[in-house]
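A short write-up of the structure that comes next.
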Amino acid sequence: MNKPSLSSLLKNRILVLDGAMGTMIQRYSLNEADFRGDEFLNHPVSIKGNNDLLSITQPKIIGDIHRAYLKAGADIIETNTFSGTVIAQEDYQCENWVDQINEMSARIAKEEADSFTLKDPNKPRYVAGSVGPTNKTASISPDVEDPGFRAITFDQLKAAFKQQMSALQRGGVDLFLIETVIDTLNAKAALMAVYELRDETGIEIPVMLSGTITDASGRTLSGQTTEAFLISVGHFPLLSIGINCALGAKNMLPFVNELSRKSNFFVSAHPNAGLPNEMGAYDETPEMMTDQLREFLDLGVLNIVGGCCGTTPDHISAIAEMAEAYEPRMHQKIDKA
């Protein structure tokens, strides 16, 4: 399906990313049998909580969630593949299903996005292949007694990301979203995988990169400041760079503002609906969240805006309505100071 390039759209308006997949899946109160479906009746370990697997066992639910976000006004929807690497799927002994998880997830999202684009070609919809950080890091030792130990190598990460993104590409994604980056070395392995895929297939797929700040100091889990993170990945021709997860919008603004001043890429933000309460739930209503995100738009620091943990189609609908009234950040204006 012919659609305008994302870069051309981003110069003219703010694009809206969807909200949380996990939050929406929780609303279905699925049990072990639901996760297993017919395909995993005899799987040797519990797979409840392996949300990515639902693209195989409960594709209708995943399609319904995508459709809800598209109805809410999302321009870009993410595939249900946040944990879609052999590294993450090892916890559920589902490594052999990685290709199918990613390709199927991409096809489900693409079908819904294409359907909405056909209905309204003036508002084309795009599918981002979600690439999460994995549960292992290349920069940090998991053993406090052995700081030099690593649970995984750079080459193992690169191979896992490449397998995932190759399957997402076969499924028809429009872009890759390497998100919730806690360790920049992991992200660089994913970017190297993109380079290799481009060389092998001759297909250039745009890349969004989004890091996560773990505390008020403004550092990633592996210890980088926002500026250091930007410098570390600035060699790659990214579509956009941004911040997601961890913090709510209010606490995220200073770091997104810094990216906006210092980056020559488009800038994105998809924060949580505030910080989790003592029960692990997120309390910010759509109105509360848009009140905070409005300051981002007043400052003109964003090209892409959406939601992460705790956000729903109601949040995205409110964000989309607000974003329509604002001009996008002009990413050519860079503060080198």
Exercise. Quick one: which of Gly218, Gly248 is more than 12 Å from Ala269 (Cα to Cα) and modelled with pLDDT under 95?
Worked result: Gly218
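Answer with yes or no whether Pro313 is farther than 27 Å from Gln224 by Cα, of a type outside the set (A, V, I, L, M) and under 20 Å from the mean Cα position of the chain (by Cα). Full working, then the answer.
Numbers: farther than 27 Å from Gln224 by Cα: yes; of a type outside the set (A, V, I, L, M): yes; under 20 Å from the mean Cα position of the chain (by Cα): yes.
Spelling it out, Pro313 is indeed farther than 27 Å from Gln224 by Cα, of a type outside the set (A, V, I, L, M) and under 20 Å from the mean Cα position of the chain (by Cα).
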For this session: Please work out which one of (1) within 22 Å of Ala138 (Cα to Cα); (2) part of a loop (DSSP other than H, G, I, E, B); (3) in contact with a His (Cβ under 7 Å, 6 or more places away or on another chain) is the condition Asn244 fails and give its number.
Result: (2)
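Give the stretch 211-230 a look and list any residue that's buried (at least 18 other Cβ atoms within 10 Å of the Cβ), within 24 Å of Thr153 (Cβ to Cβ) and either without any contact (Cβ under 8 Å) to a residue 60 or more places away in the chain or not aliphatic (A, V, I, L, M) (or both), or say none.
Gly211, Thr212, Thr220, Ser222, Gln224, Phe229
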Problem set entry | Pair list, Cβ under 7 Å, 6 or more apart: the stretch 94-112 residue touching a residue at least 60 places away in the same chain (Cβ under 8 Å) and more than 18 Å from Leu70 (Cβ to Cβ), other residue among the basic types (Lys, Arg) and surrounded by fewer than 23 Cβ atoms within 10 Å (Cβ to Cβ) | Glu103/Arg170
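So that you can scan it fast, the table gives a plain yes or no per residue for (1) over 30 Å from Ala72 (Cα atoms); (2) at pLDDT 95 or above:
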residue: Gln100; (1), (2): no, yes
residue: Glu112; (1), (2): no, yes
residue: Pro124; (1), (2): no, yes
residue: Val127; (1), (2): no, yes
residue: Gly132; (1), (2): no, yes
residue: Thr137; (1), (2): yes, no
residue: Pro142; (1), (2): yes, no
residue: Gly148; (1), (2): yes, no
residue: Ala190; (1), (2): yes, yes
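Identify the residue in the stretch 38-71 that is under 18 Å from the mean Cα position of the chain (by Cα) and touching a residue at least 60 places away in the same chain (Cβ under 8 Å) and, among all such residues, is surrounded by the fewest Cβ atoms within 10 Å (Cβ to Cβ). Walk me through how you get there before you give the answer.
Applying the first criterion (under 18 Å from the mean Cα position of the chain (by Cα)) to the stretch 38-71 yields 50-55, 62-63, 65-70.
Narrowing further to those that are touching a residue at least 60 places away in the same chain (Cβ under 8 Å): 68-69.
On the way: Ala68: 20, Tyr69: 31.
Going through the qualifying residues, I end up with Ala68.
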Exercise. Identify, please: which residue in the stretch 231-250 is touching a Phe, Trp or Tyr at 6+ places or on another chain (Cβ under 6 Å) and within 30 Å of Gly280 (Cβ to Cβ) and is, among those, surrounded by the most Cβ atoms within 10 Å (Cβ to Cβ)?
Worked result: Ile243
For this session: Select from the stretch 244-255 the residues that are of a type in the set (A, V, I, L, M) and out of contact with any strand residue (DSSP E or B) (no Cβ under 6 Å at 6 or more places or on another chain) and list them in ascending order.
Result: Ala246, Leu247, Leu253
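From the set of residues in the stretch 5-25 that are in contact with a helix residue (DSSP H, G or I) (Cβ under 9 Å, 6 or more places away or on another chain) and in a helix (DSSP H, G or I), which is nearest to Leu299 (Cα to Cα)?
Quick first cut of the stretch 5-25, residues in contact with a helix residue (DSSP H, G or I) (Cβ under 9 Å, 6 or more places away or on another chain) only: 13-22, 24-25.
Then drop every residue that is not in a helix (DSSP H, G or I), which leaves 21-22, 24-25.
Working: Met21: 29, Gly22: 31, Met24: 31, Ile25: 34 Å.
Looking at residues that are in contact with a helix residue (DSSP H, G or I) (Cβ under 9 Å, 6 or more places away or on another chain) and in a helix (DSSP H, G or I), I get Met21.
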Seminar exercise, completed: Among residues of the stretch 6-22 being touching a residue at least 12 places away in the same chain (Cβ under 8 Å) and of a type in the set (Gly, Ala, Ser), the residue nearest to Asn122 (Cα to Cα) is Ser7
Problem set entry | Flag for Arg107 being more than 16 Å from the chain's Cα centre (by Cα), among the basic types (Lys, Arg), more than 24 Å from Asn244 (Cα to Cα) and not in a loop (DSSP other than H, G, I, E, B) | yes
Problem set entry | Identity of the residue in the stretch 26-55, polar (S, T, N, Q) and assigned to a loop (DSSP other than H, G, I, E, B), that ends up nearest to Ala269 (Cα to Cα) | Asn50
For this session: Any chance you could count how many residues in the stretch 23-37 are surrounded by fewer than 18 Cβ atoms within 10 Å (Cβ to Cβ) and touching a residue at least 40 places away in the same chain (Cβ under 8 Å)?
Result: 0
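The values are calculated or read from the model by the stated rules, or taken from the named source; none is laboratory data. The shown structure was predicted, so the numbers you read here are calculated from the model rather than taken from an experiment. Cβ coordinates were reconstructed from backbone atoms using ideal geometry, including for glycine residues, and neighbour counts include every protein chain displayed.
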